[in-house]
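Contents: one structure, followed by commentary.
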Amino acid sequence: MANSSIRIRSKRRQQKAQIRILIAHPMENGRNRDPDTDEFIPAHFIQELDISLNGERVIQADLSGSIAKDPYFSFILNHIKSGDRIHVSWIDNLGIHDSREHLIK
């Protein structure tokens, strides 16, 4: 998916890989005001983040509006080899969703 909101980078060393994920999302909590109208900006945030390795879920995170705009996640996975596939997907409180797959080199 060329226009995905998800950017995934990986760096493999031996059997470990650092996975870095950046998601373009406003992450509004519903408590901020629009500076022009002084109205509350409606809540719009990622609720669920799923990360799988070769089809097996390795991380499921329940998120909220307390996370900053364009969230960044970084973690280490063990027992990684060249050709493994990382799949990242999210769904937000408005039902919008996205996913992306990344091949470990």
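Values computed for the structure shown
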{"read-out": "Hits in the stretch 42-78 (condition: open to solvent by less than 60 Å² (accessible area, probe 1.4 Å), of a type in the set (S, T, N, Q) and not in a strand (DSSP E or B))", "value": "Ser64"}
{"read-out": "Any chance Glu28 is acidic (Asp, Glu), closer than 17 Å to Asp70 by Cβ and surrounded by 13 or more Cβ atoms within 10 Å (Cβ to Cβ)", "value": "yes"}
{"read-out": "Subset tally (residues that are over 11 Å from the mean Cα position of the chain (by Cα), among the aliphatic types (A, V, I, L, M) and outside any loop (DSSP other than H, G, I, E, B)) for the stretch 79-96", "value": "1"}
{"read-out": "The one condition in (1) of a type in the set (S, T, N, Q); (2) in a strand (DSSP E or B); (3) open to solvent by 100 Å² or more (accessible area, probe 1.4 Å) that Asn3 fails to fulfil", "value": "(2)"}
{"read-out": "Neighbours by Cβ (under 8 Å, 6+ apart or cross-chain): first from the stretch 42-58, farther than 21 Å from Asn29 by Cα; second basic (Lys, Arg)", "value": "Ile51/Arg57; Leu53/Arg85; Asn54/Arg85; Gly55/Arg85"}
{"read-out": "Conditions (1) under 12 Å from the mean Cα position of the chain (by Cα); (2) part of a strand (DSSP E or B): number failed by His25", "value": "(2)"}
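The values are calculated or read from the model by the stated rules, or taken from the named source; none is laboratory data. For clarity, every value in this text was computed on a predicted model and none was experimentally measured. Cβ atoms come from the backbone with ideal geometry, glycine included; neighbour counts cover every protein chain shown. Keep in mind that these areas ignore ligands, DNA and RNA; they rest on the heavy atoms of the full protein, side chains included. Shrake-Rupley method; radii C 1.70, N 1.55, O 1.52, S 1.80 Å.
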